1. Between residue 94 and residue 274, what is the spin-label point distance in nm, taking each point 7 Å from the Cα along the Cα→C-beta axis?
2. Whole number in Å², please: accessible area per residue of the range 31-139, 1.4 Å probe, ligands, DNA and RNA not counted.
3. Report, in whole Å, the centroid distance computed from the Cα atoms of the range 87-121 and the range 232-248.
4. Mind pulling the angle between the C-alpha long axis of helix 156-166 and the longest principal axis of the chain? Nearest 10 degrees, somewhere in 0 to 90.
5. What's the local net charge at residue 112, with K and R +1, D and E -1, over the other residues with C-beta under 12 Å away?
6. Checking the table 81/199; 268/321; 269/298; 48/172; 92/169; 94/252 against a 29 Å threshold on Cα-Cα, which pairs fail?
7. What whole-number distance in Å separates the alpha-carbon centres of the range 132-166 and the range 178-209?
8. Grab the other residues whose beta carbon is less than 12 angstrom from that of residue 265, score K and R as +1, D and E as -1, and report the net.
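The values are calculated or read from the model by the stated rules, or taken from the named source; none is laboratory data. If you're wondering where the values come from, they're calculated on a predicted model, not measured in any experiment. Neighbour counts are summed over all protein chains in view; Cβ atoms, including those assigned to glycine, are modelled from backbone coordinates with ideal geometry. Just the protein is used for accessible areas: all its heavy atoms, side chains included, with ligands, DNA and RNA removed. Shrake-Rupley method; radii C 1.70, N 1.55, O 1.52, S 1.80 Å.
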Amino acid sequence: MFKIKNIKFNKNTNAFIIAEIGINHNGHLKNAFKLIDAASTAKCNAVKFQTFDVDTMVHESAELANYQKKFTSNNQKKMLKKYQLSYKDFIKIKKYCDRKRIIFLSTPFDIKSANFLKNLVPAFKVSSGDNDNLILLNHIKKFKKPIILSLGMMNNSEIKEILKKLNIKKNKLSILHCISEYPTKLSDSQLGVIKELKKFGYIVGFSDHTVGFEASIGAICFGAQIIEKHITLDNKMKGPDHLASLNVKDLKKFVDTLRTMEKLRDFKKRSITSEEVKTKFIAKKSIFINKNLSKHQKINLKDLIPLRPLKHGISIKDLDKIINKKVKKNIGKLYQIKFKDLI
């Protein structure tokens, strides 16, 4: 069974909700703590950061992705240096998470950072940028901790190939459907893939880069058991991920909505609500007499008309209990017939 810390994953468990802080702290520890506070208050299961050593992560020649060009004219290396926290900062962050009783996770982008994190995190999250990085993946695999692997920028054959090469047991790997666009249009989210990914037999989740709640709600309904959502203190902050992130002021509502959807998804038997019972007697129809009837006259179908309300009357579904019965008394047109009126 796949497990993160003391949380076991099976078909009956609630989704594991990860508040992805990433680099939205903008390189400031104070911002990191504020984001952790928001995730804890909203009752997320975990927060996730990005831990990297720029010099062993990216070459000087690496260009900016299109979404990153909106915020800086630097190359990747210069941009990331601005948002880098030190390893000492992450030790402080881990201790703060422990105080706030929320699980600390972080994505390593290089071997050095993976080695640093191995004693701090209960599981490793690997980004889409490294989902085919067998050097890093095989190194992390040696730690024998659960791995959460995002599948952005991969087609089906590539997913099959990397899962085969990784050869990780089902209780040590989960896979996240992910579209690596920031933000992702809801129409491009390809949520139906979640059902297909479940055929691999791993725990399946969704790394949500859309704006709003809709995609994560859909993922929950498709059975996603991990939801990862970027969060920010302010969508107008300067940085590559803020625009595609959920503002912390909406985070509690986001979590509450997903928990509600889980309950609704798990209904197996249709029942009538208390309000529906009240509405039923007003909105449904009962049997009325469509013309004057004489005492002891037999009722034919043409003598009847269905009209609202059902209240105090006989339901249309009981029509067979009325036809060919005789009435005890003279009955006028548009009279609501009762069983007590029949012989």
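1. 5.0 nm
2. Working: 5150 Å² over 109 residues.
On a per-residue basis, the range 31-139 sits at 47 Å².
3. Result: 22 Å between the Cα centres.
4. 50 degrees
5. On the way: positive: 118; negative: 53, 55, 110.
So the surrounding residues net to -2.
6. Numbers: 81/199 40 Å; 268/321 32 Å; 269/298 41 Å; 48/172 18 Å; 92/169 33 Å; 94/252 22 Å.
In this structure, 81/199; 268/321; 269/298; 92/169 lie more than 29 Å apart at Cα.
7. Centre-to-centre (Cα) distance: 16 Å.
8. Working: positive: 11, 259, 263, 268; negative: 262, 266.
That works out to +2.
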